[in-house]
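Structure, as structure tokens:
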Amino acid sequence: MAAFGLSKRNFSQISANELDKELGKILKDFHLCGENLLKQMLIIKRIRVPRWRLRESVHRMDSRGVRERQTGRLHRRVYNVMGLNHFWHIDTNHKLVRWRFVIVGGIDGFSRLIMFLKCTDNNFSETLLQCFLSGVDKFGIPNRVRSDKEMENISVADFMLSKKGLDSMITGKSTHNQRIERLWRDVYDGVLKINKKIEFWRDAWASHRLGTERSSPLNLWTSGQLYNPVGLDGAANLQNYGVEGFVDQNDVEDGERPIFASLAYLIKEQCRDFIAQEFIRNGNNFGIDDFLRCLEIVERYN
């Protein structure tokens, strides 16, 4: 094997109890993730174990979650896009809006690789554009983008129309934007420690195997760059292009979302710096102690 540059896969020397302990730490924050994502999260922590050991550990630590995931399997639908970087799906998730947090994300429809994913404290169109451009800087400009019809997407629409021309920005109901809507379910279920855990989850997502493709989003993206160069196509029905499943014309139109500004200006810069230094690591007790300590700092130094 060595003569051909091959090596035997090395697994970590870790006991069942230690594996359960490490997996328990991950499940505490990502309790609805499946085996593939959990495997990648362990690899990020430099822990590599056979699939059967991971499965046994998951059943020991999260038997209830295993049953819930088995009953929640989705019917796979046909999705057709010409190639990578041809079609991005972008959206903002407002499930944390009561705390004035908005998660902004974009996903490549072909590979399902996450182009950008960030938590912000406002949903101005310029903020969404800056997040979008961070993905453009890393992966290039997509040929087309699909979003809903909210005002927060205007700056991205202006950018796409100026760079790629007409038909480069397709808007519709959020129910038709299934690639990014499906991603929100995974993000919200698995990520509530905001940006640090968003990055950790994003890296694991990029490397985990997709059941329908037998490959990971990162591998699909890389192979697409090499073997599947993308040009412009003449999609006949642009409004329904990049939509998964059948289009139900009776779907209710999206309600308008309010645009709200950041409240960071209410806290002095010196106080914000002190908070950043104080909370380098995530605390226990679901962040309650950190929250109370943060309130104490603001009341004392702001």
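The values are calculated or read from the model by the stated rules, or taken from the named source; none is laboratory data. What you see is a predicted model, and the numbers here were worked out from it, not measured in a lab. Counting neighbours? That spans all protein chains shown, and the Cβs are built from the backbone with ideal geometry, glycine included.
Among residues of segment 83-122 being among the polar types (S, T, N, Q) and more than 25 Å from residue 225 (Cβ to Cβ), the one that is surrounded by the most Cβ atoms within 10 Å (Cβ to Cβ) is 92.
Looking across segment 187-235 at every residue that is of a type in the set (Asp, Glu) and at pLDDT 60 or above, the one that is farthest from the chain's Cα centre (by Cα) is identified as 213.
For segment 241-258, the condition holds for no residue, the condition being that it is in contact with a Lys or Arg (Cβ under 9 Å, 6 or more places away or on another chain), at pLDDT 65 or above, within 30 Å of residue 170 (Cβ to Cβ) and among the aliphatic types (A, V, I, L, M).
Could you look through segment 52-72, keep only residues that are basic (Lys, Arg) and modelled with pLDDT of 90 or more, and pick out the one that is nearest to residue 15 (Cα to Cα)?
Within segment 52-72, the match that is nearest to residue 15 (Cα to Cα) is 53.
Among the residues of segment 127-136, is there at least one that is surrounded by fewer than 20 Cβ atoms within 10 Å (Cβ to Cβ), modelled with pLDDT under 85 and either part of a loop (DSSP other than H, G, I, E, B) or of a type outside the set (Lys, Arg) (or both)? No - not one qualifying residue is present in segment 127-136. Residues in segment 1-27 that are at pLDDT below 85 and either within 20 Å of residue 59 (Cα to Cα) or not in a loop (DSSP other than H, G, I, E, B) (or both): 3 in all.
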